[in-house]
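The values are calculated or read from the model by the stated rules, or taken from the named source; none is laboratory data. Bear in mind the structure is a predicted one, so any value in this text is a computation, not a measurement. Note that each Cβ is placed from the backbone with ideal geometry, even for glycine, and that neighbours are counted across all protein chains shown. Heavy atoms of the whole protein, side chains included, go into the accessibility calculation; ligands, DNA and RNA do not. Shrake-Rupley method; radii C 1.70, N 1.55, O 1.52, S 1.80 Å.
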Amino acid sequence: MHKIAYPLIGLLLISCSSSNKNNSTGLTPVPPPNQSQIIIERDYPRVSYTEVPGLKTLAEFSIGMEVQAGDEERSLFEVVDQQPLLRQHFSEVVPGNIMKMSFLHPEENVFTFDDADRLVDFALANNMTVHGHTLIWWHLEQLPEWMKNYTGDWNAMMHDHVYQIVSHFKGLVHSWDVVNEAVAVTDISSTGKATGATYYDSIFYQKMGEEFIENAFKSAREADPDALLYYNDWALSHNDAKLDFTLAMVNDFLARSIPIDGIGFQMHTWLEWPSITDIKAAFTKAAATGLMIKITEMDMRINSSFLAQRPNFRPALQLTPELALTQKDRYKAIVAAYLEAVPPAQRGGITFWGLIDGETWMQHVLPYPEWPLLFNDDYTVKPAFYGVAEALTGH
Ligand code: XIL
């Protein structure tokens, strides 16, 4: 679509960048742009988000964005210039943090809903749905302190936790990640594939056994029969033992009428891994359950996971035109794989985990820079944006 919509901008940019205005001044000539740069300027120009069609208008399913709110640094109520971008391109918002356990349930008998209420109000006022993330997650960063030391009846306490939160947002939050990351890999082959998987040895598993998962789904359904309930995890798209274990769990739920509506694939991917073949096979296998399949946290690291583990690893220090184009192709291929493997009625949507590269969560966990998202820090679009748009429009 962009090739039709932006030929003039492309030509203009090429002619500007290839003309050498310095010649007449006697200064050193600027080297001509390389081939990838020429392709980007012609086909994937770095224009403002306002100059390209809204991503959400290109899909029949929700296109979501992870957002910060409350007192987070990039709260959309502080950095308000995000708001028109969100409105133009996204039909769903997902709180990156403020609906996690410690934010909503900081003390045993205290629930704090104000920040999340404000976000939900914003979303609904702007015709966006809200995907709640996440009712149960073991991660110590977000597990409430009081819960770590809880000595009472865990099953009753967790029922109350899920029931109170989902009841509060009944009719307002469209879908939930009910349980996040309950499955762990036990063995990995030399090619990086999981060859064994089991339940993650979380505090919930230790206190309640695997039943904590189904109990959470039952409590959520009890609190809001209309909300869609997802099991969400990472590394499912590698199509290995972790996916198979997860699907066995989900199929067992279905066989026993435990309420569950969908499977969330986080899709924190890398430029070179997993393969498109594996990703597509994983979506196909998951879709065979008949459940909704949702890409819940998509981003894409430039630096390869394999290389990053080597002692002489040298991360890319800038997003070169070549890398940007490769990233664009891969975003396109992943979205295309989703569309090919998941029937329309089962598409729960695609959510991106962050708006601009400069705010990716990876900057807090990696010692080198990354550029995993669709927008540059000045809210212009990256080639990756066009890759997603091309896949959605079938071009
Ligand atoms: C991340 C947030 O983006 C960060 O701001 C926070 O510091 C840590 O958590 N999988 C998940 C998300 O399910 O909740 C995580 O979000 C990213 C990995």
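The residue that is nearest to the chain's Cα centre (by Cα), counting only those in region 337-395 that are open to solvent by less than 10 Å² (accessible area, probe 1.4 Å) and on the phi > 0 side of the Ramachandran plot, is Gly354.
For region 271-328, enumerate the residues that are within 16 Å of the ligand (Cβ to nearest atom) and part of a strand (DSSP E or B). Of everything in region 271-328, those that are within 16 Å of the ligand (Cβ to nearest atom) and part of a strand (DSSP E or B) turn out to be Lys294, Ile295, Thr296, Glu297, Met298, Asp299, Met300, Arg301. Working only within region 177-207, note down all residues that are among the aliphatic types (A, V, I, L, M), closer than 20 Å to Met157 by Cα and open to solvent by 10 Å² or more (accessible area, probe 1.4 Å). Residue satisfying the conditions is Ile203 alone.
Only residues that are of a type in the set (Gly, Ala, Ser) and within 16 Å of the ligand (Cβ to nearest atom) were counted across region 205-239, and they come to 3. Scan region 296-305 and tell me whether some residue there is over 17 Å from the mean Cα position of the chain (by Cα) and surrounded by fewer than 17 Cβ atoms within 10 Å (Cβ to Cβ). Checking region 296-305: at least one residue is over 17 Å from the mean Cα position of the chain (by Cα) and surrounded by fewer than 17 Cβ atoms within 10 Å (Cβ to Cβ). For region 113-138, a tally of residues being more than 16 Å from the chain's Cα centre (by Cα) and of a type in the set (S, T, N, Q) returns 2.
Yes or no, residue by residue, for (1) open to solvent by less than 10 Å² (accessible area, probe 1.4 Å); (2) basic (Lys, Arg); (3) more than 30 Å from Ala255 (Cα to Cα):
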| residue | (1), (2), (3) |
| --- | --- |
| Trp273 | no, no, yes |
| Ala281 | no, no, no |
| Ala308 | no, no, yes |
| Phe313 | no, no, yes |
| Ala316 | no, no, yes |
| Thr320 | no, no, yes |
| Thr326 | no, no, yes |
| Arg330 | no, yes, yes |
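For Leu143, the conditions (1) more than 26 Å from Met292 (Cβ to Cβ); (2) part of a helix (DSSP H, G or I); (3) hydrophobic (A, V, I, L, M, F, W, C) all hold with the exception of (2). Here is a check on your reading of the model: is Val166 open to solvent by less than 20 Å² (accessible area, probe 1.4 Å), closer than 29 Å to Asp378 by Cα and either at pLDDT 95 or above or within 16 Å of the ligand (Cβ to nearest atom) (or both)? Taking the combined requirement at face value, the residue does not satisfy it. Of all residues in region 55-64, at least one satisfies being closer than 25 Å to Ser167 by Cβ, in contact with a Lys or Arg (Cβ under 9 Å, 6 or more places away or on another chain), within 16 Å of the ligand (Cβ to nearest atom) and open to solvent by less than 60 Å² (accessible area, probe 1.4 Å). Among the residues making up region 344-381, those that are part of a helix (DSSP H, G or I) and within 16 Å of the ligand (Cβ to nearest atom) are Asp357, Gly358, Glu359, Trp361, Met362, Gln363, His364. Checking Ala337, Ala384 one by one, the residue that is closer than 25 Å to Asp81 by Cα, hydrophobic (A, V, I, L, M, F, W, C) and in a helix (DSSP H, G or I) is Ala384 and no other.
Within region 36-54, the residues that satisfy the criterion of being surrounded by fewer than 21 Cβ atoms within 10 Å (Cβ to Cβ) and of a type in the set (Asp, Glu) are Asp43, Glu51. Sub-7 Å Cβ pairs linking a first residue in region 225-236 that is within 20 Å of His168 (Cα to Cα) to a second residue that is open to solvent by less than 20 Å² (accessible area, probe 1.4 Å) and within 12 Å of the ligand (Cβ to nearest atom), at least 6 apart or interchain, are Tyr230/Asp177; Tyr230/Gly264, ordered by first then second residue. The listed residues are Asp153, Asp121, Asp114, Asp81, and the only one of them that is more than 16 Å from the ligand (Cβ to nearest atom), under 27 Å from His268 (Cα atoms) and open to solvent by 30 Å² or more (accessible area, probe 1.4 Å) turns out to be Asp81.
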